[in-house]
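Peer 1: Sharing a structure with you now.
Quick note: the coordinates plus some simple rules give every number you see, no bench work behind them. Note that the coordinates shown come from a computational prediction; the quantities given were computed from them, not determined experimentally. Every residue, glycine among them, receives a Cβ derived from its backbone with ideal geometry; neighbour counts consider all protein chains shown.
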Amino acid sequence: MLPRLRNPLALGAVVMLGLLAGLQYWLAARRPISPWYQAGREFTVTSEADQGPGSLREAIFAADSSDQRAKIVLRTSRIVLQSPLPPLVNPKGVIVEAGEARPEIDASNIGFGPVFDVDAPNSVISGIAIRNAPEQAILVRADGFRLMKASLAGCDVGLYAADGISNLVAENSTFENNRIGIWLAASNAGVIVRDNQFKAHRDAGVWAVAGKQPAASTETRLELRGNHFEGDRLSIVLGNIPAVIEANEVVKAREAAIYLIGAGAVVRGNRVRNGAGIGIFAHTTEGTVIENNELDHNQALAMLVRSAQNNLVDRNRIYNNGYGIGFVLGQRGRPNIASDNTLLSQQFDGIILIGESPVLRGNRLVNNKLAGLRVLDFFPLIGNKVVADPFLADNILAGNKLNEPIRGEYRVQKSEKPQ
């Protein structure tokens, strides 16, 4: 039996909550359909067969022939394809979405080509699982594509955006055990990848690489936010594409969690942990900002900045890695800057410099098992040595095995001859 509510105010509050709950339900039932889901014609898939009445193939043909934006609703739990599907080409756009059951498309037998070839602008694929595509699960060749609540697994490439495609969003989806989860071509713009799950990719979770560096004024073309990566060989590979990588969690990367090349990246507020190799690897980068990240328990280094110039490494929290930050062979005329970072309890050195002369300002290097700071001149097999001569200001070194900066040399060794 419910207790009696003696207080009139309490009784009124309960009644009001009940009214609000009913009002919310009423409003939800009458909320306008999102423009992403609006269509003039709807076609239903009821057959698991590769072709014939009620099949996905027939629905695509019908949607492509429609003079209105078309929606295809899958009301079957499994489809086994025997050959590639026709492309989506309706110029008004096509929506492909799950019905009540979460349908799975098995593409093991299609032989070649993508499962969905999206050449219809402003199209949507939502709630569908695609398995074992020998090439791309989804190939996008038109602007304004949106992927939502999908699952792409066991494919060569989960989602591939062709060159020149813009305004693509992939969100709340799962990419697992593909070779590459999302592959973005060089000139894509307005791409947002958010709140997805990436797991166990053989090459990379997200691959976005351009052949040349962008102009200094180029606007951000890619946003990676709020994603979870786990067990990928390389979780994020970004080359020469202006991008913001923010608030992602990267766990157990096998080689590197975030691999950066060239100019244009802002890496902010990410958690990178438990990797077998390097947390953030900035290679030949310029003008990159790496700030306010948390990096811990990465076996090799939390961060490696190599052959790079004019990068800012600021306010990162780095602890319990092999090494903390490594700077290798940067340009003296355009030095990298590491400021206000906290480096605690690395297994070896807090910061190690090899032939590198960065600005180190206001960093806290505490309780690292070897040197707080190690500075090594670089001796190549051929050519002149490269002196490491950092600018040091207001750094705190305490509780390390070696608190004074340790100076020495790094000599490249001749490779052993094969047996």
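Peer 1: Mind listing the phi-derived Karplus ³J(HN,Hα) values for region 69-85, rounded to whole Hz, using 6.51, -1.76 and 1.60 with θ = phi - 60°, and x for any glycine or proline?
Peer 2: Rounded to whole hertz, the list is 4, 10, 10, 10, 10, 8, 10, 10, 7, 8, 10, 10, 7, 10, 7, x, 7.
Peer 1: Next question. Could you list the GluC sites (Glu not before Pro) in region 317-419 that lie in coil according to DSSP, counting only those with at most 16 other Cβ atoms within 10 Å of their Cβ?
Peer 2: Here the GluC sites (Glu not before Pro) that fit, given the DSSP loop and packing criteria, are 416.
Peer 1: Next question. Treating the beta-carbon of each Lys and Arg as +1 and of each Asp and Glu as -1, no other charges, what is the dipole magnitude of region 280-329 about its Cα centre, to the nearest 20 debye?
Peer 2: The dipole magnitude comes to about 100 debye.
Peer 1: For region 62-221, how big is Rg over Rh, using alpha carbon atoms and the Kirkwood form of Rh?
Peer 2: Ratio of gyration radius to Kirkwood radius: 0.96.
Peer 1: Okay, next question. Give the whole-number value, in cubic angstrom per residue, of the convex hull volume spanned by the C-alpha atoms of the chain.
Peer 2: With only Cα atoms used, the chain gives 234 Å³ per residue.
Peer 1: Would you mind ranking 288, 342 so that the residue whose beta carbon has the fewest other beta carbons within 10 Å leads the list?
Peer 2: Neighbour counts put them in this order, fewest first: 342, 288.
Peer 1: In addition: Taking the dipole about the Cα centre of region 20-411, with the C-beta of Lys and Arg at +1 and of Asp and Glu at -1, give me whichever of 40, 137, 309 is farthest to the positive side.
Peer 2: Ranked along the dipole, the leading option is 309.
Peer 1: Then there is this: To the nearest 10 degrees, how steep is helix 8-29 against the longest Cα principal axis of the chain, on a 0 to 90 scale?
Peer 2: Once rounded, one gets 80 degrees.
Peer 1: Test of understanding: ordering 105, 337, 325 by Cβ neighbours within 10 Å, fewest first, what list do you get?
Peer 2: Arranged by neighbour count, lowest to highest, 105, 337, 325 become 337, 105, 325.
Peer 1: While we're on this one: Where is the GNM fluctuation largest for the chain (alpha-carbon springs, 10 angstrom cutoff): 401, 369, 149?
Peer 2: 401
Peer 1: Please compare each pair in 369/414; 252/401; 199/414; 92/149; 149/252; 92/252 to a cut-off of 32 Å on the Cα-Cα distance and tell me which ones are over it.
Peer 2: Flagged as over cut-off: 199/414; 92/252.
Peer 1: Next question. Treating only the Cβ of Lys, Arg, Asp and Glu as charged (+1, +1, -1, -1), what charge dipole size does region 235-341 show about its Cα centre? Round to the nearest 20 debye.
Peer 2: Roughly 180 debye for region 235-341.
Peer 1: Rounded to the nearest 500, what is the 222 nm mean residue ellipticity of the chain from helices alone, with -39500 (n - 2.57) per DSSP H run of 4+ residues and division by all residues? Provide the component values of the computation, followed by the final result.
Peer 2: Numbers: 2 runs with 32 residues, N = 419.
Mean residue ellipticity at 222 nm (helix-derived): -2500 deg cm²/dmol.
Peer 1: Rounded to the nearest 5, what % of the DSSP beta bridges within the chain are antiparallel ones?
Peer 2: 0
Peer 1: Here's something else I'd like to know. Taking θ = phi - 60°, what integer Hz values does the Karplus form 6.51 cos²θ - 1.76 cosθ + 1.60 yield along region 294-299, in sequence order, with x for Gly and Pro?
Peer 2: 10, 10, 8, 6, 8, 5
Peer 1: So for 236, 138, fewest C-beta neighbours within 10 Å to most, what's the order?
Peer 2: Ordered from fewest to most neighbouring Cβ atoms within 10 Å, 236, 138 come out as 138, 236.
Peer 1: With the Cα gyration tensor of region 219-285 giving a ≥ b ≥ c as the square roots of its eigenvalues, does the rule (a/c under 1.5 for rounded; else a/b larger than b/c for prolate; else oblate) give rounded, prolate or oblate?
Peer 2: Note, shape of region 219-285 comes out oblate.
Peer 1: Relative to the first principal axis of the alpha-carbon coordinates of the chain, what is the inclination of helix 56-65, with its axis defined by its Cα atoms, in degrees from 0 to 90 and to the nearest 10?
Peer 2: Helix 56-65 and the main axis of the chain meet at about 80 degrees.
Peer 1: Let me ask something else about it. DSSP loop trypsin sites (Lys or Arg not before Pro) in region 67-126 with at most 14 other Cβ atoms within 10 Å of their Cβ, which ones?
Peer 2: Those that pass, being in a loop and sparsely packed, are 75.
Peer 1: Quick one: compute the contact order of the chain, relative version, from alpha carbon pairs under 8 angstrom and 6+ residues apart, as a percent. Walk me through the numbers on the way to the answer.
Peer 2: Working: 1359 pairs, mean separation 24.5, N = 419.
Relative contact order for the chain comes out at 6 percent.
Peer 1: State whether region 85-157 is rounded, prolate or oblate according to the following rule on the C-alpha gyration tensor (a ≥ b ≥ c being the square roots of its eigenvalues): a/c under 1.5 gives rounded; otherwise a/b larger than b/c gives prolate, and the remaining case gives oblate.
Peer 2: Here region 85-157 falls in the oblate category.
Peer 1: For region 212-293, run through the GluC sites (Glu not before Pro) and keep only the ones in DSSP coil with at most 11 other Cβ atoms within 10 Å of their Cβ.
Peer 2: In loop regions of region 212-293 (DSSP not H, G, I, E or B), the sparsely surrounded GluC sites (Glu not before Pro) are 219.
Peer 1: Here's a follow-up. Taking the Cα centre as origin and putting +1 on Lys and Arg beta-carbons and -1 on Asp and Glu beta-carbons, what dipole magnitude results for the chain, to the nearest 20 debye? Provide the component values of the computation, followed by the final result.
Peer 2: Values: 44 positive and 41 negative charges, 185 e Å.
The calculation lands at about 900 debye.
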